[in-house]
Amino acid sequence: MSGLTEFLVTNIQEVFFFYGLSFFVMGLAVFLEVGHSSQLDFAKALRPLAGFGLVHGSHEWFEMFLLYHPEIANNPENTWIATLRVVLLGVSFLFLVAFGARLISGEENQRMRLVMELVITALWVIGLVWVVETQPAWRERMVAADVYTRYALAIPGAALTVWGLLLQRRRFLESGMGGFGNDVALAALAFGMY
């Protein structure tokens, strides 16, 4: 193991704390600004981004708590814990999907947004049931559900968000708001790396 990897593995609880903190603070900051923001489509789309930050940060803190209490996390009788982990993770990424879909569709095309959100949600639920049912043991089901949720929701959510932010960037540039356009491009880069 490299030095950085070894450091991160050794301090994984602290990593979860700061990772969760960064998302939670982002969500809280966006949530507090939503009521004060303009009537632009971009400002109206911020509510799901706040939801993503708050729920995803809470999920990471829940994971941190379970690392401190493995007797709770690794008990097969606590199926509600495994279910809660996946539900929190899924809901957080569904907020990210909703944010990207709203940026892409704008306020005028709500049907397109709803179709994107419903298709991605349906594929996740159907795939999740299949993935969980094909695993032989409880531990494998838990891991498979977590991994599948990340692939089925986080990747499409981040991709939709990048696409939507790039569309917003173009709108900002066309409106003569180049500073906002550059900020949105940086946000798109960050979500692309995510």
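Residue separation times 0.36 nm, minus the C-alpha to C-alpha distance between Thr10 and Leu67: what's the value?
Details: separation 57, 0.36 × 57 = 20.52 nm, distance 1.21 nm.
Stretched fully, the Thr10-Leu67 segment lengthens by 19.3 nm.
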Alpha-carbon spread of region 78-170, three principal axes, descending order, Å: 49, 21, 18
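Take the solvent-accessible surface of the protein heavy atoms, probe 1.4 Å, and return the percent of it on region 103-194 that carbon and sulfur atoms account for. Display every interim value, and only then the final one.
Details: 3680 of 5510 Å².
Heavy-atom surface of region 103-194 belonging to carbon and sulfur, 1.4 Å probe: 67 percent.
What's the longest piece of the chain with no exposed GluC sites (Glu not before Pro), counting a site as exposed if DSSP puts it in a loop and it has at most 14 other beta carbons within 10 Å?
On the way: sites that count: Glu77, Glu107, Glu108.
Longest run free of exposed loop sites: 109-194.
For region 1-153, what is the accessible area per residue in Å², given a 1.4 Å probe and the full set of protein chains? Each step should come with its number before you reach the end.
Values: 8610 Å² over 153 residues.
Normalised by residue count, the accessible surface of region 1-153 is 56 Å².
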Which shape class applies to region 1-132: rounded if a/c is under 1.5, otherwise prolate when a/b exceeds b/c and oblate if not, where a ≥ b ≥ c are the square roots of the Cα gyration tensor eigenvalues? oblate
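The values are calculated or read from the model by the stated rules, or taken from the named source; none is laboratory data. All of these numbers come straight from a predicted model, not from anything done at the bench. FYI the Cβ positions are ideal-geometry reconstructions off the backbone, even for glycines, and counts take in every protein chain you see. In case anyone asks, the SASA skips ligands and DNA or RNA and just uses the protein heavy atoms, side chains included. Shrake-Rupley method; radii C 1.70, N 1.55, O 1.52, S 1.80 Å.
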